[in-house]
Amino acid sequence: MHYGEYLQLEKLLDCQDPESTKLGRTAHDEHLFIVIHQSYELWFKQVLYELTLVQELLGGEAFDERDGGKVAQALERVLVIMRVLIQQVDILETMTPMDFLEFRDLLFPASGFQSLQFRLVETGLGLRKDERVQLDQQDVHLRLKPHEQESLRAAYAKPSLRQSLDAWLSRTPFLDHGDFKFRDAYLEALGDMLEKEAEIIRTQPQLSEADKVTQLASLKNAHNMLDALLDDEAYDKLKDEGAWTFSRRGLEAALFINLYRDEPALQVPFKILSQVMDLDESMTNWRSRHALMAQRMIGQKVGTGGSSGHGYLHAAAQKHKVFGDLFALATFMLPRSALPALPKSLHEMLHYHYVSKMG
Ligand code: HEM
């Protein structure tokens with residue numbers, strides 16, 4: 001085996017073919033523009049590869065808890081790749097808007113809009129069509145080639161990471177354990193805490209009366225969201241309105257895992273929950289970074305793909321989030337000192353059955 005053959009470098013390094021060169025007026029920066037897009041696509045390929053493994057492990061009928069480490073490792077890899085993808089924008093920003101103008105007109109109507117792999121990443125994570133920024137008459141997917149649209153349709157038909165994660169969470173067994181009902185114990189503890197917060201607002205001398213009314217209303221709203229989170233009927237209503245996307249049971253389990261994360265059996269699930277939130281955050285960071293870069297390159301001009309340009313990209317960065325429900329749970333956290341104690345038998349179930357001692 002030879003290095004170049006193994007990596008098929010002849011093929012790989014023979015596909016940078018600037019349009020400006022074909023026209024006999026080479027624009028120096030077009031080579032970088034091509035290489036950077038190609039390296040993004042290669043990394044998207046690896047991200048999809050890792051997410052496929054995560055799906056295989058997490059998306060089945062049952063999840064073998066011993067695979068938790070593998071899921072966390074694959075997600076960790078995706079997160080590191082995402083960090084590189086965000087930083088890579090720096091390289092492209094060594095190109096100035098005027099350098100870009102040397103070849104931009106040759107790109108129309110090509111655009112990152114038509115990146116099938118990017119759409120597959122979004123879809124694999126769980127972004128639904130109806131959660132997208134409304135663009136124009138034409139669905140963003142229709143900008144793909146027909147066979148690519150087919151691949152995307154196939155991806156939509158499969159469970160997404162959000163759905164698999166939700167299904168896994170919904171199967172969490174510890175929420176009802178004998179007489180212990182997590183939601184009852186928790187509601188009582190949280191009620192006390194929210195009451196304390198209300199008291200702090202009421203007695204805060206720096207706040208005007210109007211501010212107090214606003215803050216108390218926001219606290220009441222949090223309370224209502226929580227009531228719904230723990231009540232099937234109220235929850236379904238809010239879910240229909242789009243306030244939540246996970247199942248009620250799945251979110252209740254996510255809350256339990258967050259609160260009792262110190263228990264050994266919950267540490268890997270907690271890590272996975274944190275990682276998917278990190279993933280959502282890094283997608284948002286990439287979108288924001290890309291939007292700013294686009295603004296810097298083209299100002300207020302429309303994109304080569306026909307969107308409003310920076311306006312669309314900025315809106316997508318705000319809206320295209322998949323695990324927002326998990327972020328919203330932060331409203332309902334309790335300090336460790338206020339956590340309801342778990343019954344002894346449940347506590348033992350969540351523990352390793354050995355103790356390591358010195359000497
Ligand atoms: C000069 C550099 C770039 C500019 C000015 C730019 C601009 C834009 C604009 C305006 C859009 C919106 C669609 C449109 O109307 O065309 C877009 C979409 C997109 N671009 Fe770029 N882009 C640049 C570089 C890149 C790079 C290096 C990548 C890496 C793959 C990339 C990936 C994407 C993706 C995936 C979308 C779709 C985003 C979405 O729909 O949420 N772009 N780009």
Open item on the list: Can you tell me how the range 174-253 classifies by the Cα gyration tensor, rounded, prolate or oblate, using a/c under 1.5 as the rounded cut?
Closed with: oblate
TODO: Could you point to the residue in P205, F174, H320 farthest towards the positive end of the range 3-349's charge dipole, with +1 and -1 charges on the Cβ of Lys/Arg and Asp/Glu respectively?
DONE: H320
- [ ] Before anything else, pin down the relative contact order of the range 3-349: Cα pairs under 8 Å, at least 6 apart, normalised by residue count, whole percent.
- [x] 24
TODO: Could you go through the range 37-43 in sequence order and give the Karplus-derived ³J(HN,Hα) for each residue, using 6.51 cos²θ - 1.76 cosθ + 1.60 with θ = phi - 60°, rounded to whole Hz, and x for Gly and Pro?
DONE: 5, 5, 5, 4, 5, 5, 5
Open item on the list: Stokes-Einstein diffusion coefficient for the chain at 4 °C in a medium of 1.567 mPa s, Rh from the Kirkwood formula over Cα pairs: what value in µm²/s?
Closed with: 55
TODO: Rounding to the nearest 20 debye, state how big the charge dipole of the chain is about its Cα centre with +1 on each Lys and Arg Cβ and -1 on each Asp and Glu Cβ.
DONE: 300
Open item on the list: How would the range 252-355 be classified by its alpha-carbon gyration tensor: rounded, prolate or oblate, with rounded meaning a/c under 1.5 and the a/b versus b/c comparison settling the rest?
Closed with: prolate
- [ ] Could you sort 89-101, 47-59 so that the peptide with the highest average Cβ count within 10 Å comes first and the rest follow in order?
- [x] 47-59, 89-101
Task: Note, ³J(HN,Hα) from phi for the range 185-200, Karplus 6.51, -1.76, 1.60, rounded to Hz, x at Gly and Pro - done: 4, 6, 4, 5, 5, 6, x, 4, 5, 5, 5, 4, 4, 4, 5, 4
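None of the figures in this text is laboratory data; all of them are computed from the coordinates on show. The structure presented is a predicted model; accordingly, all values stated were derived computationally and were not measured. Cβ sites come from the backbone with ideal geometry, for glycine too, and all protein chains shown count toward neighbours.
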